[in-house]
């Protein structure tokens, strides 16, 4: 049963008082801070910190704007909901949540690979600053954050 991913409420088991805050993406029901997926209920937020290779300061306003537009597509395609993004000179903080079918490492791999590929395509001059190699360093930080 294909549902409109942008339909509010959609009339499927959504609490009447929360019809305006209930979204359905295929088999995922998102009600405010709780995700319902098949037989799972998820309410877990993650703080992810990614560092640029060699701790180079490459974040500028146009690169930050492009990265935000890249991250917006993650919710529809991978069910990774990006709540907030914070930039420093050489690293980025991401507050997100994702379905329990993904591990933290899988989400980080997706974030790193897709953002670096698209940023290198749009801003090829970044490769020269990073000596032609990778955008992100090998490591990362991930921690759970309580929503309560």
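Coordinate-derived values only; no laboratory data. All of these numbers come straight from a predicted model, not from anything done at the bench. Quick reminder, even Gly has a Cβ in these numbers, built from the backbone with ideal geometry, and neighbours come from all protein chains shown.
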Which residues in region 77-96 have a backbone N closer than 15 Å to a point placed 7 Å from the Cα of residue 123 along the Cα-to-Cβ line?
86-93
Estimated Rh, region 45-145: Kirkwood, alpha-carbon pairs, angstrom
13.7 Å
Any idea how far apart residue 43 and residue 113 come out in nm if each label point goes 7 Å out from Cα toward Cβ?
3.3 nm
Chain lengthening between residue 76 and residue 54 when straightened (0.36 nm per residue, less Cα-Cα)
4.7 nm
Which ordering of 136, 131 is given by a fewest-first count of other beta-carbon atoms within 10 Å?
131, 136
